Every structure is written in C-alpha cells, then in structure tokens.
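I have placed the structure first, in the form of structure tokens, so that the comments after it can refer back to it.
The values are calculated or read from the model by the stated rules, or taken from the named source; none is laboratory data. Note that the structure is predicted; figures quoted are calculated from it, not measured. A quick note on method: Cβ atoms are made from the backbone with ideal geometry, for glycine too, and the neighbour counts reach across all protein chains shown. Accessible surface areas use protein heavy atoms only, side chains included; no ligands, DNA or RNA. Shrake-Rupley method; radii C 1.70, N 1.55, O 1.52, S 1.80 Å.
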Amino acid sequence: MSDVSVKIKTPQTGEIELNTGLFINNEFVKSVDGKTFEVINPSTEEVICSVAEASEKDVDLAVSAARKAFNGPWRKETPENRGKLLVKLAELFEKNAELLAAVEALDNGKAFSMAKNVDVPGCAGCLRYYGGWADKIEGKVVDTAPDTFNYIRKEPIGVCGQIIPWNFPLLMFSWKIGPAIATGNTIVLKTAEQTPLSALVACQLIKEAGFPPGVINVISGFGKVAGAAMSAHMDIDKIAFTGSTVVGRQIMKAAAGSNLKKVTLELGGKSPNIVFADADLDEAINWVNFGIYFNHGQCCCAGSRIYVEESIYDKFIERFRERASQNTVGDPFAKDTFQGPQVSQLQFDRIMGYIEEGKKDGATIETGGKRKGDKGYFIEPTIFSNVTEDMKIQQEEIFGPVCTISKFKNKADVIKIANNTSYGLAAALHTQNLTTAIEVANALRAGTVWVNTYNTLHWQLPFGGYKESGIGRELGEAALDNYLQTKTVSIRLGDILFA
Ligand code: ADP
C-alpha cells in the first residue's frame, strides 16, 4: 500500500485497496500542502476514508500537466487512437462493474443494483459512443471565389476544466470525459467533495487503458477552493459544469472575470410531469413514481411538479400515494432497495427544511414527510397536494424525494402552468392521443420532453436546459460542439488556368 492509498470495505466486495491521491500525470499524488478531507458514508454517517484535498496550487499542477499533454503527445495522437482509448476504457468499466458500483453505492448511497445496472452500463455506453465519434470529426471546404481556397477545420479547444456533482458521480465523469477526449482536448476534472471515491477507481482504469500522462487529470476538493480556482484559471480554455444554478452563475462570472473561457452549464430544474385523463393509468403511475423518486429525487431533471387532469385526479392520487409508499427505502446494498439515503447531512437538512416550509404554507402531506430511521440520511417518499403556484415547494428545486401534485382543466391551462418556472431542463406528459402528445411536447419550454415515460436518458440523445437550466447540451452529437472551435483557413491562389 502506498502513502496515497487506503483499505476500505464494501458489503459487496469485501476489503479493497483504493488510491486516495490526486490523479495528475497518471500518478496518484498527495496534495502540495498535504491536506486531506473525510468522506462520509450517507447510510451510516461514518467516515469511509480520507482523500487528498486539492488547493489552488494543485489545480495549477494539474493544469500544467494537461497543457503539456495538449501541446505535446496528445496533439500527435491520431483520432483513431483517441477512439480506441475511449472504447478500451468502456470495456474496463464493464469488466470492473461490480467494483465501481460497490464504491459508488457506498459513497453516494444509491442502490448497488441501480449503480450496477443503470449507472455503470450508462458510463460504458457513453464512453464507447464517443469513442466512435473520435474519427468522425470533419471540416468543410467552402468556395467563395475561383482564386481562393477556403477550408474550415474543427479543432479542440485545449485544456478543459470539468466540475461534476455528487448525484451521478460516475455517469457525470463519463458524460464529461467522453466528448472532450473524442475531440482531442485534455482535462482537469474535479469531483464533488461529497463523492470522490468512484472516480478514483476510474482513474486506475484510465491508466490501465493506456491514456498518455496528463491527458485526464482528476482532483478531489471543494467547490469554493479548487472549483473556484479552476473557474478563474488563466490557462483553462473551457469550463464545463454540472450542478446548481447558483454555482453555475458564479462560474460564469469567474470565467468572465478571467480569460473569458468558454462555458457550458447543465443546471437545475423543476420539471413538470403531466397526466392527461386518457393516459394508461397503471403506466402513468409507474413513470410518475420513477420520475420523482429515482435516485432519491436527486436528479436535475426530476419530475417534481405533477399535474393531473381534473377528471382522474382523485383516482390518480389515491393510487399514486399507495405506489409511493411501497418504494423500499433502506440499505443501498440490500437486494430490493429502491431508495437509499440522501447524499449528505446538508442535503438532508435542506430537504427536511422544504418539507417544513410546505407544511407551514398550508400544503397537505399525502404520504411521507418524515425521516426514516434514526441513522443515515433517509427520507420517506413524500407527496404534497393543495399547493399553489407561488409556494416555495412549487417553485424551488428540492433535490429530494418530494413532489407536489395539482389538478388542471385543459391543455392550454396546463401548458401555461407547466412553463411557469425559471427552469427548463425537462418535462413529460402521459396521454394516448398522438395530437395531444405532439402539441404539448412542442409547447413545453424544456430541453427534453418525455411522452409516456420518464428519465430515459440515452447517450445518443442531447440533454440540457432551456432558460436558467443551462447553456449547451450534454450527450449526443451536440456535446461535441462544446469541445470544438472552428478555424477558417483562407488561401489566396494564383491565376487559375482553365483549359
Ligand atoms: P450542490 O449544491 O448540490 O452540492 P453544487 O452546485 O454546489 O451542488 O456542486 C456541484 C459541483 O460544483 C461540486 O463539484 C462542487 O464542489 C462545485 N462547486 C461548488 N461551488 C463552486 C464554486 N464556487 N466554484 C466552482 N465550483 C463549485
């Protein structure tokens, strides 16, 4: 065991060795001033281990490594090889699915079965997909005059800073590195301070896959220190962020006040989930339940505002209440667990604060509303009814297993209230009428609209926000644009001789 690794234990794998250093130049290193911070298990509130904590000095070292790689070996790498490396990493994710999922469940609190069957395959799919794009980045020739030759090249932006959240640590890691690597950039990625561990396992795999040193650097650390240093760094060319809208604004400001680095943001949401009277009720209830309670409500696209057509409201709420209270909440490593603990004390307190606020404002709790047990950050699946559009629980992102439910009269009415939010990340509707589906989907101001389903993201499909939910798109071909810049080369030719 080196001085930057520890032994930790997961119920799934038993004892494993974990590197805890900052991953710079393909090595796990201590932070410059030797600082570390503790990582907490949200199921037990106990310390799992400590990991190196990056300061501004460590950010500088990681950026230098990424710059050196960008200016050197990585620029000489062929697109084909960049693709092969991503595909190799995808294979290693699949080979190590059990380990990755176990560390993810331990650190984040999500169910091990979800981590293994949803998160890790999602990572592998995304990495492999972008591996396929690496040798398909193409430019163009544009004729403007007979004596001029113009070509347009798509070039990498350079050193990319990437800051990810704690709700899907491994997935966000893959969503970020896939398109950046496919397009030939180098990376300094900061994980969230609540959940640094699974990325440290992934760093071992990056090394094993054969990425040259300095191409992908990963640091653990706090937003206010390492994250802020990245956003203001003069030698980071682009920053990609996923997290809260509040922090997104700070990052944009820091970018504006430094080197005007390019910024893409994937931020919060308060997504409407609309059920029309003609929907298949059983299906709709399942998807509404999954829409809000998947990942314990810790999804930026969670369907947290549910609108049900008047004529089926009473029947719907009765069945939904029953369905929500059946979700198994408990130990992430138990076989039938659907919902584990919230990620941290801070998140737990925030969510319980919103529940209190809802009660004070006069909303009715249909089910849930309380902590579950007395250890770990578990919260019962909660439904509020009797809400008004101006209530905090109806307007603000709660990021927990809490939703509101209201009635609506008709299409026009529901489109208006569904769009009555500063966010625009996702929306959904349930109906068997094709015209209703298309009309409403087109009218909703959101980056993704699901019909008769929810949370079914796919790496081939762009994902991102309208309004204050973000700038730019993750996933799909669209994400490549975030990491490319366009160069026009215009060449004056001599006299052209036409025979
Ligand atoms: P949450 O409130 O859900 O924890 P945040 O938006 O605060 O979400 O965090 C998402 C990511 O942003 C984390 O990696 C966090 O460390 C980082 N972060 C937080 N504050 C800042 C900041 N001021 N500058 C840059 N990154 C930050």
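Of all chymotrypsin sites (Phe, Trp or Tyr not before Pro) in region 159-225, which ones are in loop regions per DSSP and have a Cβ with at most 15 other Cβ atoms within 10 Å?
222
Over all directions, the average projected area of the alpha-carbon convex hull for region 1-89 comes to how many nm²?
Here the figure is 7.9 nm², rounded to one decimal.
Any chance you could check the Cα centroid distance between region 40-106 and region 337-401 for me, in angstrom?
Here the two parts' Cα centres lie 33 Å apart.
Straight-line reach only, C-alpha to C-alpha below 15 angstrom: list the aspartates and glutamates that residue 95 could link to, leaving out same-chain residues fewer than 8 apart.
Result set, ordered by chain and number: 119, 208.
Could you list which residues have their amide H under 5 Å from that of residue 450, counting only those 5 or more apart in sequence or on another chain, with H placed in the peptide plane?
Result for residue 450 returns 427, 428, 429.
Where the only charges are on Cβ atoms (+1 Lys, Arg; -1 Asp, Glu), what is the dipole of the chain about its Cα centre, to the nearest 20 debye? Mind dumping the intermediate values first?
Values: 53 positive and 59 negative charges, 180 e Å.
The dipole of the chain has a size of about 860 debye.
Check cross-link reach from residue 9 to the aspartates and glutamates: straight Cα distance under 17 Å, and skip same-chain residues fewer than eight apart.
Hits, sequence-local ones excluded: 17, 38, 45, 46, 98, 104, 107, 331.
Given a cut-off of 26 Å, name the pairs among 57/253; 372/467; 176/467 whose C-alpha atoms lie farther apart than that in the structure shown. Write down the numbers at each step before the final one.
Working: 57/253 21 Å; 372/467 35 Å; 176/467 22 Å.
Beyond 26 Å: 372/467.
How large is the accessible surface of residue 449 in square angstrom, using a 1.4 angstrom probe and rounding to the nearest 10?
About 40 Å², ignoring ligands and nucleic acids.
How many angstrom separate the Cα center of region 126-175 from the Cα center of region 285-311?
If you average the Cα positions of each part, the centres end up 34 Å apart.
What relative contact order, as a whole-number percentage, does region 272-451 give when Cα pairs under 8 Å and 6 or more residues apart are counted?
27
So which GluC sites (Glu not before Pro) in region 86-159 are both in a DSSP loop and have at most 16 other Cβ atoms within 10 Å of their Cβ?
138
Can you tell me what the convex hull of the Cα atoms of the chain projects to on average, as an area in nm²?
26.4
If you take every DSSP beta bridge whose two residues both sit in the chain, what share of them, in percent to the nearest 5, is antiparallel?
Looking only at bridges with both residues in the chain, the antiparallel portion is about 50 percent.
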